[in-house]
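Peer 1: Sharing a structure below in C-alpha cells format, with a few things to ask.
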Amino acid sequence: MLTIKISNCNSVDEATIGIAEGALNIKYGPNGLGKSTLAKAIVSQIRGDGSLQNLVPFKNRGKTGVGAPTVEGIDNLKSALVFDEEFVQQFAFQKDEVVKNSFEIFIRTPEYLAEIAEIDALLAGIKKAFADNADIGQVVGDLKELREAFGKSSKTGAIPKSSKIHKAFGSGNKIANIPDALKPFETFIKSQEPAKWIAWQIKGNEFLQLEDRCPYCSTALTETKQKETVLAVEKEYDANAVGHLNALKGVIDRLGKYFSEKCRDNLDKVTKAKIELTAQENSFLTSLKADIDGLIEKLEALRTMSFFRCETSRRSAIA
C-alpha cells in the first residue's frame with residue numbers, strides 16, 4: 001500500500017490517501033470533497049507533463065515560490081487511469097477510442113434490443129400523441145413562456161418586481177382600465193399591438209418642446225388640456241410593460257381551458273385588476289408558478305421518456 005501526500009492542489013491544502021498498486025482503488029464521498037482534484041494530481045505527477053501546475057490554488061496564483069502543487073510517494077508508479085464519467089464517455093461510448101464501437105460489442109445484445117423494443121412499444125402511443133397533436137406542442141410552449149414570465153423567485157418565493165408578469169400586471173391593467181383622461185385614445189390602446197402605438201406616440205413627445213402642435217399631424221394643440229392629454233400617455237404607460245401584458249394575456253387566454261374554474265377566476269382578477277396586486281393575488285401567482293413548473297416537468301418527462309429509458313438501460317449494462 002502506497003501512502004501518497006498531496007499538497008496545494010486547487011482547494012486541497014494537504015491530504016494523505018492510500019493507494020494499492022496494480023489494483024482498482026475506489027474512493028467515494030460527497031460532491032466537492034476533492035476526489036477529482038486528488039485523482040488529477042496523481043495522474044499529472046505520474047505523467048510529468050507539467051499539468052500539475054494547472055492545479056495551483058487560486059489564492060497562490062501569481063505568487064512565486066509559494067504553495068506550489070506537490071505529490072509525494074508515487075515514485076514507483078508508471079501509469080494510472082481514473083475511471084470517472086469522463087473516462088466512460090471517452091472510452092465506452094466513442095466509436096474511435098480503444099475498443100472501436102464498444103457499445104455494439106458489449107451492450108447491444110439481443111436481450112438489450114428486446115428490452116428496447118418492448119419499451120418503444122409501450123411508449124408508442126405517447127410518442128404518437130406528441131408528434132401528431134400540434135395543440136400539445138402549443139400548450140407546452142405557452143406554459144414555458146408563462147413560466148419564464150415569472151422570473152427567478154426570491155428566497156421567500158415572492159414574484160420579483162423585475163419579472164415580466166409583475167411589470168405587466170403588478171400595478172394594474174391599464175389596457176383594460178384606461179384612465180379617463182386617455183379615453184380619446186381608447187381605440188389605439190385596445191388595438192392588437194398597443195405597445196407599438198404607445199412607443200410611437202411617446203417618441204413624438206420630444207418634439208412638443210418645439211411647438212404646441214401634434215408632431216405627427218401638425219394639428220394645433222390650442223388648449224393646455226390637449227397637450228396634457230398627449231403627454232399623459234407617457235406618464236401612464238410603458239411600452240415594454242404593455243408588450244409583456246399583451247403577450248401574456250394571449251398566452252393566458254389560450255391556456256384558459258386547461259385551468260380549473262377557480263384558477264381562471266383568480267387569473268381574471270389578476271389580469272384585469274385596476275390597482276396594484278394584493279398580497280393574496282401575489283400569493284396566488286406564486287402557487288401558480290409552482291404548479292406550472294410541476295406540469296412542465298411531467299410533460300417533458302413524457303416527451304423524453306423513451307430516450308431516458310434507453311440511456312438508463314445503457315448505463316445499467318455498463319455498471
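The values are calculated or read from the model by the stated rules, or taken from the named source; none is laboratory data. Keep in mind that what you see is a predicted model, and the values were worked out from it rather than measured. Every residue, glycine among them, receives a Cβ derived from its backbone with ideal geometry; neighbour counts consider all protein chains shown.
Peer 1: For the range 183-203, what are the residues that are part of a helix (DSSP H, G or I), polar (S, T, N, Q) and loosely packed, with under 14 Cβ neighbours inside 10 Å?
Peer 2: Keep residues of the range 183-203 that are part of a helix (DSSP H, G or I), which gives 183-189, 194-203.
Filter again for polar (S, T, N, Q), leaving 187, 201.
Of everything in the range 183-203, just one residue is part of a helix (DSSP H, G or I), polar (S, T, N, Q) and loosely packed, with under 14 Cβ neighbours inside 10 Å, namely Thr187.
Peer 1: If Leu24 passes every condition in (1) without any contact (Cβ under 8 Å) to a residue 40 or more places away in the chain; (2) among the aliphatic types (A, V, I, L, M); (3) touching a Phe, Trp or Tyr at 6+ places or on another chain (Cβ under 8 Å) but one, which one does it miss?
Peer 2: The failed condition is (1).
Peer 1: Given the criteria under 27 Å from Leu288 (Cβ atoms), among the polar types (S, T, N, Q) and buried (at least 18 other Cβ atoms within 10 Å of the Cβ), does Ser163 qualify?
Peer 2: Yes: the conditions hold for Ser163.
Peer 1: Let me spell it out: the conditions are (1) assigned to a helix (DSSP H, G or I); (2) closer than 30 Å to Lys225 by Cα, and His166 meets all of them except one. Which number is the exception?
Peer 2: (2)
Conditions (1) among the aromatic types (Phe, Trp, Tyr); (2) touching an Asp or Glu at 6+ places or on another chain (Cβ under 7 Å); (3) surrounded by 14 or more Cβ atoms within 10 Å (Cβ to Cβ), marked per residue:
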position: Ala176; (1), (2), (3): no, no, yes
position: Ala181; (1), (2), (3): no, no, yes
position: Asn205; (1), (2), (3): no, yes, yes
position: Lys235; (1), (2), (3): no, no, no
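Peer 1: Looking at (1) farther than 21 Å from Leu267 by Cα; (2) modelled with pLDDT of 85 or more, which is the only condition Thr222 fails?
Peer 2: (2)
Peer 1: Of Val66, Val56, Val43, which residue is in the same structural domain as Tyr28 (by TED's automatic domain parsing) and within 19 Å of Lys27 (Cβ to Cβ)?
Peer 2: Val43
Peer 1: Criterion first (of a type in the set (Gly, Ala, Ser) and modelled with pLDDT under 85) does Ser283 satisfy it?
Peer 2: For Ser283, the condition - of a type in the set (Gly, Ala, Ser) and modelled with pLDDT under 85 - is not met.
Peer 1: Next up: Of everything in the range 1-28 that's among the hydrophobic types (A, V, I, L, M, F, W, C) and surrounded by 10 or more Cβ atoms within 10 Å (Cβ to Cβ), which residue is farthest from the chain's Cα centre (by Cα)?
Peer 2: Leu2
Peer 1: In the range 171-228, which residues are under 43 Å from the mean Cα position of the chain (by Cα), more than 27 Å from Thr278 (Cβ to Cβ) and basic (Lys, Arg)?
Peer 2: Once the filter is applied, which keeps residues that are under 43 Å from the mean Cα position of the chain (by Cα), more than 27 Å from Thr278 (Cβ to Cβ) and basic (Lys, Arg), the range 171-228 yields Lys196, Lys203.
Peer 1: Anything in the range 62-78 that is modelled with pLDDT under 85 and either among the small types (Gly, Ala, Ser) or in contact with a strand residue (DSSP E or B) (Cβ under 6 Å, 6 or more places away or on another chain) (or both)? List them, or say none.
Peer 2: Selection gives Gly62, Gly65, Gly67.
Peer 1: Of all helices (runs of 4 or more DSSP H) completely enclosed by the range 204-286, which ones contain at least 3 residues that are free of Cβ contacts under 8 Å to residues at least 40 places away in the same chain and farther than 19 Å from Asp142 by Cβ?
Peer 2: Passing ranges, in order: 224-236, 261-271.
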